[in-house]
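The numbers here are math on the coordinates, done by the rules we state, and not lab data. In this text, all values refer to a predicted model and were calculated from it rather than measured experimentally. Here the Cβ positions follow ideal geometry from the backbone for every residue, glycine too, while neighbour counts run over all protein chains shown.
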Amino acid sequence: MGTKGSSMPSTPDIYDPFDSLRRKNFSDDEYENCFRYFDFQKQGFWTREDFCRFLNALFSNEKRKPYPILSEQIDQYFHETDFNQDKIIDFNEFLQAWKKPIKCAVRPVSALVIVDVQNDFISGSLALHSCPANHEGEEVVPIINQVIRNVNFDVIAYTYDWHPSNHISFYENRHLRKISSKSRVSAAAARVHDKVIFAGSSNLTDTIEQILWPAHCVQNTPGADLHRDLIRIQNAVHVYKGTNPELDSYSAFWDNMKLSKTSLDDQLKERFVTDVYVVGLATDVCVASTATHAVENNYRTVLIEDACRGVSEHAIEVKRIELNQIGCIFVHSDVVPAMVTGEDRRPEIARAIFVENLKTIGRHRPR
Ligand SMILES: [Zn+2]
């Protein structure tokens, strides 16, 4: 992890009204200065126009160009911030509704989660270049390395698909478990990439839907190693998933049945992480699942698109739409440094934290 501040993009000529909050402590005095700045008529409260200027300044890029926000969204934010419905925003309403969302936006605590950049997905038994999209998994390595070098992440996590040899996801193991009568495909007829339904082989669940993959990432084999050129950071978080022979785990947070959690969420929460950047393999499988659960665990979540490769172009598009709908954005690695320093502030990833905060303070009023 780089030295905080060493690669801070410099935009000295452009005034950011959140700059002193970004650089100093988050005292109520600093918030009061911020409130006064947008109170154009110095009336001691904000009109809808003042509020609009505030949103445009908060959600803007490092050149202070505002991101577009729909008029209905501004209305909704205004309605939600105006607790007593008097059509103006006072300092207390602003502070309660926006203290936490502003802090997350201007000084996020960011984690890079590097998903499954392992040999088997690059050159081994489940190499992406043999999958429908014909992607080259290896291409993510220099891009992820550049992101590690150029961006001051607070936390870096490496995840590993880490299966025992009798794992349920392996095509080679399809005869080891009873197939449910609900399965459209029998063990004998099944082919690689087919979805089968196993009868619950333990007391965990009734049935388990499983896509059959070639045996891959077997614990302590070279195929499960990270690509040799991927930069290893000291003091990183390491997360092993798919370790239960009866459960597959695409996400680095939960297994596919959501029966057991990995240590990732606890390790990120211990480090006060607010923002999760996901990269790695494969976009439409483990990367997308990890991003989905990052959103569900209340992280502002960003997928760095050029640092991912996937299995199927169609599935990647489906996942992109699903993830965008829940507030996860796809970005190019070029924009990540300014996002991590809190200078480039995206509205899409801010909404969930705002609502979550309203719920916490008992001010959430769904329309
Ligand atoms: Zn696997």
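List of remarks:
- Among 358, 95, the ranking by other beta carbons within 10 Å of each residue's beta carbon, starting with the fewest, stands as 95, 358.
- Between residue 96 and residue 185, the modelled labels are 5.5 nm apart [label points 7 Å from Cα along Cα→Cβ].
- The chain has equivalent-ellipsoid semi-axes of 43, 23, 16 Å, by the square roots of 5 times the alpha carbon gyration tensor eigenvalues, sorted largest first.
- Anisotropy class assigned to segment 121-168 is oblate, per the alpha carbon gyration tensor with a/c at or over the 1.5 cut-off and a/b no larger than b/c.
- Estimated FRET transfer efficiency (residue 172, residue 225; beta-carbon r; R0 25 Å; 0.05): 0.75
- The H on the amide N of residue 230, modeled in the peptide plane, is under 5 Å from the matching H of no residue at least 5 residues off or on a different chain.
- Gain in span if fully extended, residue 260 to residue 206, counting 0.36 nm per residue against the direct Cα distance: 17.8 nm
- Whole-percent pair-distance distribution, where bins are 10 Å wide, for the alpha carbons of segment 175-234: 20, 35, 24, 16, 5
- A Cα-only calculation for segment 248-367 places Rg and Dmax at 14.7, 43 Å.
- Integer Hz, Karplus 6.51/-1.76/1.60 couplings in order for segment 307-317, x for Gly and Pro: 9, 10, 9, x, 8, 9, 4, 4, 5, 4, 5
- Under 5 Å, built H, 5+ apart or other chain: amide partners of residue 247: 168
- With R₀ fixed at 22 Å, the C-beta to C-beta distance from residue 298 to residue 365 puts the FRET efficiency at about 0.65.
- Under-5 Å amide H pairs with residue 306, H placed in peptide plane, nonlocal only: 333
- Here the peptides 68-75, 167-174 are ranked by packing, the mean other Cβ count within 10 Å, and the order with the highest first is 167-174, 68-75.
- Share, in percent, of DSSP beta bridges within the chain that are antiparallel, nearest 5: 25 percent
- Sorting 37, 299, 250 from the fewest to the most surrounding beta carbons within 10 angstrom yields 37, 250, 299.
- Placing +1 on each Lys and Arg Cβ and -1 on each Asp and Glu Cβ, with no other charges, gives the chain a dipole about its Cα centre of roughly 460 debye.
- Backbone N within segment 38-62 under 17 Å of label point (7 Å from residue 71 Cα along the Cβ vector): 48-53, 56
- Cα-based reach from residue 24 at 24 Å (exclusive), listing lysines while leaving out same-chain residues under 8 positions away: 4, 63, 65, 99, 100, 103, 269
- Distance from segment 15-65 to segment 319-367 (C-alpha centre basis), Å: 19 Å
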